[in-house]
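J.: Please see the structure below; I have some questions.
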Amino acid sequence: MIGLSAQDYAAQAMAAAQRGDRVSALATLAQGTAAHPKDGQLWHYSASLRLQSGDPAGAAEHFGKASALVPANFDWAIDHAIALSAAGRNEEALDVLAKIERQARSHAHYWSTRGNAARGAGKMALSAEYYDKALAIEPARPKALHGRAAVALERGETGAAARFDRALAVLQSDPEAWLGKAQALDAEGRVEEARELAQLLVDRIPRWQ
């Protein structure tokens, strides 16, 4: 592959990934980033593929390199934070996100990602604040609705079940959201409703038996 451009490496990796051969795709991207270490797109694609392959630590490293090469692209910094949180490094994710607040603060996905990182770091009050900011910008954002409902349940807030209802309006097929509603119902003393919903989930999702 001597002499290939960054675009050539990306095209070959994409073709391998589309065939379902992620091992070859990642190997091609490793060669590409070695040959073109300053190409942010290659690092970003490599990071995305690593995250899809269940390697959040590797994805975080590569997203970080991509973001450092193109610091004006705050979406790449958000991707970096998502991978860091997926790797359990939520405090680092919060640090990354704090640095881009000025550029990204008008975007719901920024605040939703920050809410998730804060929740993972155990900072529930901040998590609720960040999710609320996301929902003020985009009221029907699924991840923010689900995350805010989960934080309400974990903090013992009143109205957690109602928050799960709002989340389920856009997440009808998400079993985790339905389970959260059952837990919220139980926490609110609506035990029979919680039991009925839990049984329905067990009947429909055998792995929860």
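The values are calculated or read from the model by the stated rules, or taken from the named source; none is laboratory data. All values reported here derive from a predicted model rather than from experimental measurement. Every residue, glycine as well, gets a Cβ built from its backbone with ideal geometry; the counts of neighbours run over all protein chains shown. Areas reflect the complete protein model, heavy atoms only, side chains present, ligands, DNA and RNA absent. Shrake-Rupley method; radii C 1.70, N 1.55, O 1.52, S 1.80 Å.
J.: Among the residues of the stretch 79-116, which ones are of a type in the set (Gly, Ala, Ser) and crowded, with 22+ Cβ neighbours inside 10 Å?
T.: Once the filter is applied, which keeps residues that are of a type in the set (Gly, Ala, Ser) and crowded, with 22+ Cβ neighbours inside 10 Å, the stretch 79-116 yields 81, 83, 85, 93, 112, 115.
J.: Continuing with this model, one more query. Six or more apart or on different chains, Cβ under 8 Å: which pairs go from a residue in the stretch 36-48 that's closer than 14 Å to residue 73 by Cβ to one that's of a type in the set (Asp, Glu)? Could you list them?
T.: Pairs that qualify, where the first residue is closer than 14 Å to residue 73 by Cβ and the partner is of a type in the set (Asp, Glu), are 44/79; 47/61; 47/79; 48/79.
J.: Which of the residues spanning the stretch 147-201 are over 19 Å from the mean Cα position of the chain (by Cα) and of a type in the set (Lys, Arg)?
T.: If the condition is that a residue be over 19 Å from the mean Cα position of the chain (by Cα) and of a type in the set (Lys, Arg), then 155, 163, 166, 181, 190, 195 are the ones that fit.
J.: Quick one: which residue in 167, 161, 184 is of a type in the set (A, V, I, L, M), open to solvent by less than 40 Å² (accessible area, probe 1.4 Å) and touching a Lys or Arg at 6+ places or on another chain (Cβ under 7 Å)?
T.: 161
J.: Report, by residue number, each residue of the stretch 100-130 that is over 13 Å from the mean Cα position of the chain (by Cα) and closer than 18 Å to residue 156 by Cβ.
T.: The answer is 122, 123, 124, 125, 126, 127, 128, 129.
J.: Additional query: Residue by residue through the stretch 22-35, note down the ones that are over 23 Å from residue 78 (Cα atoms) and more than 24 Å from the chain's Cα centre (by Cα).
T.: The answer is 24, 27, 28, 31, 32, 34, 35.
J.: Now for a different question. Identify all residues within the stretch 133-158 that are open to solvent by 70 Å² or more (accessible area, probe 1.4 Å) and in contact with a Gly (Cβ under 6 Å, 6 or more places away or on another chain); write none if there are none.
T.: none
J.: Filter the stretch 1-15 down to the residues that are more than 25 Å from the chain's Cα centre (by Cα) and part of a helix (DSSP H, G or I), then identify the one that is surrounded by the most Cβ atoms within 10 Å (Cβ to Cβ).
T.: Taking the candidates together, the pick is 9.
J.: Which residues, counting only those in the stretch 16-28, are surrounded by 13 or more Cβ atoms within 10 Å (Cβ to Cβ) and not in a loop (DSSP other than H, G, I, E, B)?
T.: Result: 16, 17, 22, 24, 25, 26, 27, 28.
J.: Sticking with this one: Please give the number of the condition residue 88 fails out of (1) assigned to a helix (DSSP H, G or I); (2) under 24 Å from residue 53 (Cα atoms).
T.: In the conditions (1) assigned to a helix (DSSP H, G or I); (2) under 24 Å from residue 53 (Cα atoms), residue 88 misses (1) alone.
J.: Determine whether the stretch 31-52 contains at least one residue that is open to solvent by less than 60 Å² (accessible area, probe 1.4 Å), over 30 Å from residue 121 (Cβ atoms), assigned to a loop (DSSP other than H, G, I, E, B) and modelled with pLDDT of 95 or more.
T.: The answer is yes, given that some residue of the stretch 31-52 is open to solvent by less than 60 Å² (accessible area, probe 1.4 Å), over 30 Å from residue 121 (Cβ atoms), assigned to a loop (DSSP other than H, G, I, E, B) and modelled with pLDDT of 95 or more.
J.: Scan the helices (runs of 4 or more DSSP H) fully inside the stretch 117-209 and keep the ones with 2 or more residues being without any contact (Cβ under 8 Å) to a residue 12 or more places away in the chain.
T.: Qualifying helices (runs of 4 or more DSSP H): 124-137, 191-204.
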